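Q: Structure below; questions to follow.
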Amino acid sequence: MKKLVALLLGVLLSIQAVSAEHYLELRSNANAYVDSDRNSDVAARLKYKGGSEPQLLKLVTLASENGYYRVEIPGSSSKIGWVYKSFVRGYDNAGRQPASSARAPAGSVTSYGTCKEVFVGGKAPVAPDEVTPLCEEEDGVVFFASGYSKRDNHGYWSAYRLDEEKIAEMTENPRDRPKMQFRQNPKLNDGQYVQPRHVSYTGTDWDRGHLAPNGAMAWDEDAQKRSFSISNIAPQKPGMNRNIWRCFEQSIREWAADSGNTYVVVGTSHGDNFQRTRSQWGENQCPIALSRHGLPHEACTDGNRRDGAQH
Amino acid sequence: MVYRTKPAPMAIGVMVPNTEGNLDIRKYMMTVAELEKKSGYQFRLPESVAEQKPDLNKWPYRIVKKELLGKLPSIDVQCPRVVH
């Protein structure tokens, strides 16, 4: 009898294993290639429609190969293609998985986690001052990492990785800049620290300068939106931000077009003598420090204005 | 700091003053080792790459023709590529 029960259990388990279906959700336009290589023939061009209904791709095999997943082409159960990891998200049958930013407990970030993939050799840059590590990703798809300075109240640095797949997507299907304001980062909420807001820069004569630029995140709608995080900006002189810096960011994307993987770290450096912004700081707001090089640099630790700050 | 894996690992450091009136990016390009010294950052690259002097032929760049604000023209108008 015991043998029979064990046999039945074994049969049931095997039926479940065979019948379990796994899906990915398409989140960008993507080519499905014949092989797990962007130089192979295109089996199908998958168009991202947006909207609330998820566009599902059935996984043929669970494991990825060279960063590509093997999926069934929608509308054709016999046609198979390989889709790059950055353009899809995991999907379970219970519904869409929540964004990791929603899952992460506030103030709990202590390491870069999956964001290590944006660093050369998996090693995060070391900044001259203390930073709070932030990983901006969704369901394992990494957008960028940041080191945020609570002393200076802005992103100290951000790092991102471009690859040929992302560049191809941005070139073939250019996305507009989202019409949105910069948002506070929920991962910095620890009950004490008060983040700057979009309006903290208003009337300061300083731009809200992206560290990881919107233009380098335009391979994914969510990545673009996440780049509009208050932790990913630092004050920049408009004449610098909109000219030499804009042009330099464009050059980086051009370099990345045929460079395999391109790793970028954009940081701020303010030396010993740095100014603080003059702005209409509200209650519990601290002024943002301005750096002299790279990108500008400001900070709050306890919601009170720091000594010596200009207002 | 920008690091590229192809055609061979190479990296460049760039440090631009946060001031207006800077048009020529070449003035601010350097080795990553130099950037680390100037900025206090450590990028933790292999030494051979960090100390590699950037060959500008491999890092084609754009120079700003004239500093502009307001509605910006296309990149190619504002800062055309410099061809060696």
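Q: For segment B:69-84, give me each residue that is at the interface with chain A (Cβ under 7 Å from one of its Cβ atoms) and either within 17 Å of the chain's Cα centre (by Cα) or assigned to a helix (DSSP H, G or I) (or both).
A: So the first thing to find is which residues in segment B:69-84 are at the interface with chain A (Cβ under 7 Å from one of its Cβ atoms), and the list is B:69, B:72, B:75, B:78-79.
Those that are at the interface with chain A (Cβ under 7 Å from one of its Cβ atoms) and either within 17 Å of the chain's Cα centre (by Cα) or assigned to a helix (DSSP H, G or I) (or both): B:Ile75, B:Gln78, B:Cys79.
To keep it simple, each residue is scored yes or no on (1) at the interface with chain A (Cβ under 7 Å from one of its Cβ atoms); (2) acidic (Asp, Glu); (3) not in a helix (DSSP H, G or I).
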residue: B:Thr19; (1), (2), (3): yes, no, yes
residue: B:Asn22; (1), (2), (3): yes, no, yes
residue: B:Lys27; (1), (2), (3): no, no, no
residue: B:Lys37; (1), (2), (3): no, no, no
residue: B:Arg44; (1), (2), (3): yes, no, yes
residue: B:Ser48; (1), (2), (3): no, no, no
residue: B:Glu67; (1), (2), (3): yes, yes, yes
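Q: Right, another one. Out of segment B:1-10, which residues are open to solvent by less than 20 Å² (accessible area, probe 1.4 Å) and more than 8 Å from chain A (Cβ to nearest Cβ)?
A: The one that is open to solvent by less than 20 Å² (accessible area, probe 1.4 Å) and more than 8 Å from chain A (Cβ to nearest Cβ): B:Met10.
Q: Let me confirm something: among A:Ser36, A:Ser40, A:Ser76, A:Ser86, which residue is within 25 Å of A:Glu172 (Cα to Cα), part of a loop (DSSP other than H, G, I, E, B), at pLDDT below 90 and open to solvent by less than 40 Å² (accessible area, probe 1.4 Å)?
A: A:Ser76
The values are calculated or read from the model by the stated rules, or taken from the named source; none is laboratory data. Not measured: the values here are computed from a predicted model. Cβ atoms come from the backbone with ideal geometry, glycine included; neighbour counts cover every protein chain shown. Accessible surface is based on the protein model in full, side chains and every heavy atom, while ligands, DNA and RNA are left aside. Shrake-Rupley method; radii C 1.70, N 1.55, O 1.52, S 1.80 Å.
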